[in-house]
Amino acid sequence: GEDVEQSLFLSVREGDSSVINCTYTDSSSTYLYWYKQEPGAGLQLLTYIFSNMDMKQDQRLTVLLNKKDKHLSLRIADTQTGDSAIYFCAETTNAGNMLTFGGGTRLMVKP
Amino acid sequence: GAVVSQHPSRVICKSGTSVKIECRSLDFQATTMFWYRQFPKQSLMLMATSNEGSKATYEQGVEKDKFLINHASLTLSTLTVTSAHPEDSSFYICSARVLIDSYEQFFGPGTRLTVL
């Protein structure tokens, strides 16, 4: 079945850029997503990218997709303490259908 | 964006009782709702997919008689954990999709279930 993997933990200093990486195995993935989960809360969709795109930028967020290597990354510019959370990447092979989530990366931002 | 609510946000119950969790789409009609379960410090695992007016499709390993899902209207899906046990304690999150070909799922805030 599909597999999505992320590193468990990332620590950065406030003001630096954060890069969270994700790899997936399903070559038929059509949509890839980044979600943010704050402590005790649900998921917030941050951004998504279609598989026919290489990059998407949305304010401080930049998503890069390397389809050949099945590698997805999320870059957060000027990281703030409020960005501390768990970030999940997810993929689906059908628009809006079941999502397969990575294990989540805990981002800690130090003042 | 679209808003999905869940009720209750937190519930504590005794072992052997049943608990119902509601998932509502507040400002849109959801053709499909999904139920996920999240164990502490772990990712989300899809439990079932629920389409309005039809039976839910359960993922492998999820007991359909234990986790009853009802999607009676386009704005409401319910998950009932029957005869709850301590191992059912978890964070349950629902999500909703507007259209069949929509690329977005909107997530509820989650319900933390603790079974004593």
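The values are calculated or read from the model by the stated rules, or taken from the named source; none is laboratory data. Every value quoted in this text rests on a predicted model; they were computed, and no experiment measured them. Reconstructed Cβ throughout: ideal geometry from the backbone, glycine too, with neighbour counts over all protein chains shown. Heads up: the accessible areas ignore ligands, DNA and RNA and are worked out on the full protein's heavy atoms, side chains in. Shrake-Rupley method; radii C 1.70, N 1.55, O 1.52, S 1.80 Å.
Regarding B:PHE28, is this residue touching a strand residue (DSSP E or B) at 6+ places or on another chain (Cβ under 8 Å) and more than 14 Å from B:PHE91 (Cα to Cα)? Answer is yes for this residue. Only residues that are among the β-branched types (Val, Ile, Thr), in contact with an Asp or Glu (Cβ under 8 Å, 6 or more places away or on another chain) and assigned to a strand (DSSP E or B) were counted in region B:64-116, giving 3.
Against the test of being assigned to a strand (DSSP E or B), open to solvent by 80 Å² or more (accessible area, probe 1.4 Å) and within 26 Å of A:GLY102 (Cβ to Cβ), the options B:MET45, B:MET33 yield a single qualifying residue, B:MET45. Among the residues making up region A:38-68, none is at pLDDT below 90, open to solvent by less than 20 Å² (accessible area, probe 1.4 Å) and among the polar types (S, T, N, Q).
For region B:94-103, the criterion of being in contact (Cβ under 8 Å) with a residue 40 or more places away in the chain, touching a Gly at 6+ places or on another chain (Cβ under 7 Å) and over 22 Å from A:THR92 (Cα atoms) is met by no residue. Can you report the number of residues in region A:1-37 which are touching a strand residue (DSSP E or B) at 6+ places or on another chain (Cβ under 7 Å), open to solvent by 20 Å² or more (accessible area, probe 1.4 Å) and of a type in the set (Gly, Ala, Ser)? Residues meeting the conditions: 3. Consider region B:21-38 and keep the residues that are away from every other protein chain (no Cβ under 13 Å) and touching a His at 6+ places or on another chain (Cβ under 9 Å). The one that is nearest to B:THR114 (Cα to Cα) is B:GLU22.
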